[in-house]
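K.L.:
Right, I'll just put the structure down here and ask away after.
The values are calculated or read from the model by the stated rules, or taken from the named source; none is laboratory data. Everything numeric in this text was worked out from a predicted model, so none of it was measured. Please note: Cβ atoms are built from the backbone with ideal geometry, for glycine as well, and neighbour counts cover all protein chains shown. Just so you know, the surface numbers come from the protein's heavy atoms only, side chains and all, with ligands and any DNA or RNA stripped out. Shrake-Rupley method; radii C 1.70, N 1.55, O 1.52, S 1.80 Å.
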Amino acid sequence: MTKQYDFDKIIDRHGTNALKTDVLTVRYGRSDLLPLWVADMDFETPDFIMEALRERLNHPVLGYTKNPDGYYPAIQKWLLTVHGWTIQSEWLRYIPGVVKGIGFAVNVFTKPGDRIIIQPPVYHPFHLVPRGNGREIVYNPLTLLDDGLYAMDFNQLEQTLSNGDCKLLILSNPHNPGGIVWDKATLLRLADLCDRYHTLVIADEIHADLTLYGHQYTPFATVSEAAKLNSITFGAPSKTFNIAGVVSSFAVIPNDAVRKAFYTWLSANELDEPTIFAPIATEVAYIQGYEWLQALKRYLEGTIDFVDDYLSEHNLGIKAIKPQATYLVWLDCRALKLTQADLVDLFVNKAHLALNDGAMFGPGGDGFMRMNVATPRRIIEQALENLRQVIEK
Ligand SMILES: Cc1ncc(COP(=O)(O)O)c(C=O)c1O
């Protein structure tokens, strides 16, 4: 019998130093807000992960540690059985976070002043990390189609690439904040162009497991030989199993020369040395987590459907772009015809909601807000109720 998981349970995270609840005043100027922003979940981390961590804590010494023997095989098996991707163990390395991985790649493969392409609106560290390291960001904005889906602008991308000198392209697959699961044809075209112009693709695939409504994620590196040999993929169990605080991510690099350059640098700086807890959590998540993940996805789909129905029914001038993956709902608020500052003021100071301001995701983000719905449905109902009351007023 399938085990029941209680995603409706409300857990107070205040006072735990949770980013989501405990920095509201710093970030939003007030603390009386429903926190629906940073991408972790308010659900319990699954019991099998908590038990494995507790078991390790039963031993009284927390000294230096090596990777458990089952760590890489667990990642390999998950990628193969869940995503159909066969990888060699030498392609794999622990990294202490995907954003940090992007920073490492920026440092290893580019010099200050080099150009890096991103496709906004997109996860904000994609511009913050390169710029913080003195690199230049080149935008290839996504096109928003009438059906609420985003498409890559390949004509403009080719023009940008052909100007030369773009060392990296950072891809969000599936896409945050639009929730798009890029199809094989799109990834193939992207791989082709980037290979032709010698632009290395950094594929951030942290949301890969969180596909919804039957959508299928395609690992970028699997679409062609060019994609395989011209990419670094970053993945993690952190979003999937709500263990972001454990800091456990990994890199996959099939190309020998790229791998040698990147992993030599990581090793030299001991950045590929895991903490005690990261491999334990990862291994047990990937061995035992499939059924829990299916239950999570059904719950998320129910909540996203609820948001979509509520917003259509009440005609609030806000449209949910239903994600094909992720628990992030990109809200199109352009019909409200507010300036971005007034839109943020409406959400924060009037409706008492802490969402991500669409503007932070770069060009194409104005008029949008990103709502994290990975919280008990009652909280989302309350949030929408707050919005309705403010807008109807
Ligand atoms: C696309 C994307 N990449 C990376 C991250 C963060 O990953 P990490 O915590 O491993 O740095 C997030 C978190 O929201 C994300 O949405």
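K.L.:
So how many residues does segment 183-204 have that are open to solvent by 10 Å² or more (accessible area, probe 1.4 Å), assigned to a loop (DSSP other than H, G, I, E, B) and either within 13 Å of the ligand (Cβ to nearest atom) or touching a helix residue (DSSP H, G or I) at 6+ places or on another chain (Cβ under 7 Å) (or both)?
P.N.:
1
K.L.:
Looking at segment 89-115, which of the residues that are β-branched (Val, Ile, Thr) and not in a helix (DSSP H, G or I) is farthest from residue 274 (Cα to Cα)?
P.N.:
110
K.L.:
Additional query: Mind telling me which of the residues 128, 92 ends up being touching a helix residue (DSSP H, G or I) at 6+ places or on another chain (Cβ under 9 Å) and open to solvent by less than 10 Å² (accessible area, probe 1.4 Å)?
P.N.:
92
K.L.:
If I filter segment 24-63 down to residues being of a type in the set (Ser, Thr, Tyr) and part of a loop (DSSP other than H, G, I, E, B), which single residue comes out as nearest to the ligand (Cβ to nearest atom)?
P.N.:
45
K.L.:
Sticking with this one: If we only count helices (runs of 4 or more DSSP H) wholly inside segment 232-315, which ones have 3 or more residues that are in contact with a strand residue (DSSP E or B) (Cβ under 7 Å, 6 or more places away or on another chain)? Talk me through it step by step, then tell me what you get.
P.N.:
Details: elements: 238-241, 256-268, 277-288, 290-314.
Per the criteria, 256-268, 290-314.
K.L.:
Checking the structure you have, find out if any residue of segment 352-366 is within 23 Å of residue 10 (Cα to Cα), out of contact with any His (no Cβ under 8 Å at 6 or more places or on another chain) and surrounded by fewer than 21 Cβ atoms within 10 Å (Cβ to Cβ). Spell out how you get there, then give the answer.
P.N.:
Going residue by residue through segment 352-366, those that are within 23 Å of residue 10 (Cα to Cα) are 352-356.
Right, trim to out of contact with any His (no Cβ under 8 Å at 6 or more places or on another chain) and you get 352-356.
If we keep only those that are surrounded by fewer than 21 Cβ atoms within 10 Å (Cβ to Cβ) as well, we get 352.
Yes, that holds for at least one residue.
K.L.:
Being open to solvent by less than 10 Å² (accessible area, probe 1.4 Å), within 16 Å of the ligand (Cβ to nearest atom), touching a residue at least 12 places away in the same chain (Cβ under 8 Å) and under 20 Å from the mean Cα position of the chain (by Cα): is that true of residue 140 here?
P.N.:
Values: open to solvent by less than 10 Å² (accessible area, probe 1.4 Å): yes; within 16 Å of the ligand (Cβ to nearest atom): no; touching a residue at least 12 places away in the same chain (Cβ under 8 Å): yes; under 20 Å from the mean Cα position of the chain (by Cα): yes.
Judged against the criteria, residue 140 is not a match.
K.L.:
Just checking, how many residues over segment 64-88 are without any contact (Cβ under 8 Å) to a residue 24 or more places away in the chain, assigned to a loop (DSSP other than H, G, I, E, B) and under 25 Å from the mean Cα position of the chain (by Cα)?
P.N.:
Adding up the residues that qualify gives 1.
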